[in-house]
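Participant: Please find one structure pasted underneath; my questions will follow.
Only the coordinates and a few stated rules stand behind these numbers; no lab work does. Keep in mind that what you see is a predicted model, and the values were worked out from it rather than measured. Here the Cβ positions follow ideal geometry from the backbone for every residue, glycine too, while neighbour counts run over all protein chains shown.
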Amino acid sequence: MPPAVPEPGGGTNLLESRPMDPETQNTLQLLSIAILPTLFAIVVHEVAHGWTARHYGDDTAWMLGRLTLNPLKHIDPVGTILVPILTIWTMGFAFGWAKPVPIDWRKLHNPRRDMVLVAAAGPGANLLMALGWGLVAKLASLLPAGLAMISMPLFYMGVFGILINVVLMVFNLVPLPPLDGGRIAVGLLPPALARPLSRIEPLGMILIVLLILTGGWRFIAPVIEWVRHGIMLLTGLA
């Protein structure tokens, strides 16, 4: 805690002299290690969709300048700022989304097949990032004790990076449009089953919110933990 700063009139700055509430301090520490992994997880997920779409013929995202890691191009005021801060503050982990990358399926070489690949690219990017953050955490754990000021934040940032990417990957693979898993299912199912599923998309986000609010999260939580533990094993953290 920094020393109290004298005011111009000789008084004391009460805001700086007042001890910080432990819960608030813990939340601020969590925010400090969560911001970078969360931004990367959300932004790279969307860029992966756009990059894959361009590879298969749709340059819409490229023409609109969305194939960039500059987070300002992808920020959704609610999903990228408000929701992550609220979930960290209230639940201890970050969750959110970026402004979706525009995809024009009519420009794809093989729309039915290519939409599956475009949809799968986002969760695939999250899996690769989870592995990458696992390696960051492992590297941090090997640094000498004298570098604890660097290694400790880096380690916890890496561990959080695994978690946020696994959460986004598993959640997005739920087979319900407009989630990536829903679009993958629409592309893989026979037309007789794909059409009714695709018609759910306008109501999809409402159904997803209801699913979470009514306890549906508990059905994917074990999958998240299983994948997270697998990545910890692969990167030598468990």
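Participant: Show me the ranking of peptides 40-46, 218-224 by mean Cβ neighbours inside 10 Å, starting with the highest.
Facilitator: Those peptides, ordered most packed to least, come out 40-46, 218-224.
Participant: Count charges around residue 202 for me, please; just the other residues with Cβ under 15 Å from its Cβ, Lys/Arg as +1, Asp/Glu as -1.
Facilitator: Its environment carries a net charge of +2.
Participant: Give me the distance in nm between label points sitting 7 Å out from Cα along the Cα-to-Cβ direction at residue 206 and residue 105, one decimal.
Facilitator: Simple spin-label model gives 2.1 nm for this pair.
Participant: Could you run the Debye sum over the Cα atoms of the range 24-234, one equal point scatterer each and no solvent, and tell me log10 of I(q)/I(0) at q = 0.08, 0.09, 0.10 Å⁻¹, two decimals?
Facilitator: Each listed q corresponds, in turn, to -0.30, -0.38, -0.46.
Participant: If the cut-off is a Cα-Cα distance under 24 Å, which lysines reach residue 107, setting aside same-chain residues fewer than 8 apart in sequence?
Facilitator: 73, 99
Participant: What is the extension gain from residue 223 to residue 56, computed as 0.36 nm multiplied by their sequence separation minus the C-alpha to C-alpha distance, in nm to one decimal?
Facilitator: 57.0 nm
Participant: While we're here: Using mean Cβ contacts within 10 Å as the protection proxy, how do 107-117, 151-161 order, highest first?
Facilitator: In descending order of packing, they fall as 151-161, 107-117.
Participant: When the gyration tensor of the range 97-218 is built from Cα positions, what are the square roots of 5 times its three eigenvalues, in whole Å, from largest to smallest?
Facilitator: 36, 17, 10
Participant: On to the next question. R0 = 41 Å: FRET efficiency of residue 152 with residue 75, Cβ-based, nearest 0.05?
Facilitator: 0.90
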